[in-house]
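Single-structure report; data block below.
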Amino acid sequence: MSEKIKVTIDNIEVEVDPGTTILQAARMIGGDVVPPAMCYYSKLKGSGGKCRTCLVKVAAGSAKDPRPMPKLVASCRTTVMDGMVVQNITSPEVIEARKGVVEFLLINHPLDCPVCDQAGECHLQDLSFDHGKDQSRYEFKRRTFEMVDIGDKIKLHMNRCILCYRCVFTADQITDQRVHGVLGRGDASEIGTYISKAIDNDFSGNVIDVCPVGALTDKTFRFKNRVWFTKPVDAHRDCDKCCGKVTLWYKGEDVIRVTGRKDQYGEVDEFICNTCRFDKKKTSDWEIEGPTKVDRHSVISSNHYDEKELLPVIDRKIL
Ligand code: SF4
Ligand code: FES
């Protein structure tokens, strides 16, 4: 086994394997030390390096060469060195730069959270809440696109896309045929299928789960409910295409949405197939495991979310 190396992030020391990125090391510490990440996705190879929200300051490069790095670096793309000293929330420079990144991400992104299905589980919404300014300085016309149906289950609302490439990597890495990608460059970049095509394969629905904003949404769930009025419940079934482990989102006694299970960073644990996602919306299709653990700080936990409180509701209504 290779020797561990030591890195200090916001004054907390952690030992990690060589080749670990600063972001992964911060996730091993957990809590506020972890930089936000809009394009990195732990389950997707090659993701990261697109959005710059994970910027950190390297105050000392390594024990051998303790000089600071001249510019802030993307923590998802920078590997740690032994003796490296990193600042995230302890650096006013990082906080200021992150505000700038959020302002950039919001240049074209519409502030339509009140009508967006992603509201309540949108990473950009959280980021804007923490670092956003109360108004934009941008005076030019925003990029606007017509909404597009890519298949009968997925809606693309390009106005909201932040070009993180997660959906492209997902389609590339977990499906046989990728039929969409980023077309055009610079200000003309957009997610598209070039010649109008449906994204149509057994795992296409996963692009909805990985999208950090409301650019790719589930047409079977659109406008059905605000996510914080739903009750998430973990369930599984025997599936010959995927792991069959999902979260069911209940409105009363009806399953109104099925998604992959997500970790504390909002990234799916395991990708699921379209049959589980779109065709199994009856409680009787599933073995119910119990309420999904939702971070108390999440808006999804507001109003009703307390395990003790929710369990009898599930016992009574679902099981
Ligand atoms: S559609 Fe969503 S997942 Fe795809 S690049 Fe845009 S923001 Fe990222
Ligand atoms: S998460 Fe690191 S650049 Fe996007």
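In the set Leu55, Leu106, which member is out of contact with any Cys (no Cβ under 9 Å at 6 or more places or on another chain), within 19 Å of Leu163 (Cβ to Cβ) and surrounded by 21 or more Cβ atoms within 10 Å (Cβ to Cβ)? Show your work before the answer.
Details: Leu106 fails: surrounded by 21 or more Cβ atoms within 10 Å (Cβ to Cβ).
Every option except Leu55 fails the conditions.
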>> I'm checking my understanding of the structure. Among residues of the range 1-46 that are surrounded by fewer than 23 Cβ atoms within 10 Å (Cβ to Cβ) and among the hydroxyl-bearing types (Ser, Thr, Tyr), which one is farthest from ligand 2 (Cβ to nearest atom)?
In response: Ser2
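Just to be sure I understand, how many residues within the range 168-192 are part of a loop (DSSP other than H, G, I, E, B), among the charged types (D, E, K, R) and closer than 24 Å to Thr144 by Cα? Outline the logic, then answer.
Our first condition is that a residue be part of a loop (DSSP other than H, G, I, E, B); within the range 168-192, this holds for 175-180, 184-185, 189.
Cutting the leftovers down to among the charged types (D, E, K, R) gives us 176, 178, 185.
Now restrict to residues that are closer than 24 Å to Thr144 by Cα: 185.
Summing the residues that are part of a loop (DSSP other than H, G, I, E, B), among the charged types (D, E, K, R) and closer than 24 Å to Thr144 by Cα in the range 168-192 gives 1.
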> Are any residues in the range 160-179 free of Cβ contacts under 8 Å to residues at least 12 places away in the same chain and touching a helix residue (DSSP H, G or I) at 6+ places or on another chain (Cβ under 9 Å), and if so, which ones?
Replying inline: Arg178
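If the requirement is being modelled with pLDDT under 95, buried (at least 20 other Cβ atoms within 10 Å of the Cβ) and within 17 Å of the chain's Cα centre (by Cα), which of these qualifies: Ile208, Ile272, Ile300? First the steps, then the outcome.
Numbers: Ile208 fails: modelled with pLDDT under 95; Ile272 fails: modelled with pLDDT under 95.
After ruling out the rest, the residue left standing is Ile300.
Going by the conditions given, is Thr79 among the polar types (S, T, N, Q) and within 20 Å of Leu163 (Cβ to Cβ)?
Values: among the polar types (S, T, N, Q): yes; within 20 Å of Leu163 (Cβ to Cβ): no.
Judged against the criteria, Thr79 is not a match.
Would you confirm, using the coordinates I've provided, whether Val34 is in contact (Cβ under 8 Å) with a residue 60 or more places away in the chain, among the aliphatic types (A, V, I, L, M) and out of contact with any Pro (no Cβ under 7 Å at 6 or more places or on another chain)?
It is true that Val34 is in contact (Cβ under 8 Å) with a residue 60 or more places away in the chain, among the aliphatic types (A, V, I, L, M) and out of contact with any Pro (no Cβ under 7 Å at 6 or more places or on another chain).
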> Can you name the residue in the range 210-269 that is in contact with a Leu (Cβ under 8 Å, 6 or more places away or on another chain) and outside any strand (DSSP E or B) and, of all such residues, is farthest from Leu105 (Cα to Cα)?
Replying inline: Val210
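Yes/no matrix, rows are residues, columns are (1) in contact (Cβ under 8 Å) with a residue 24 or more places away in the chain; (2) closer than 16 Å to Cys51 by Cβ:
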| residue | (1), (2) |
| --- | --- |
| Gly181 | no, no |
| Ala188 | no, no |
| Ile199 | yes, no |
| Asn206 | yes, no |
| Val210 | yes, yes |
| Thr220 | yes, no |
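The values are calculated or read from the model by the stated rules, or taken from the named source; none is laboratory data. Everything quoted here is computed from the prediction, not taken from an experiment. Backbone-built Cβ (ideal geometry, glycine too); neighbour counts: all protein chains shown.
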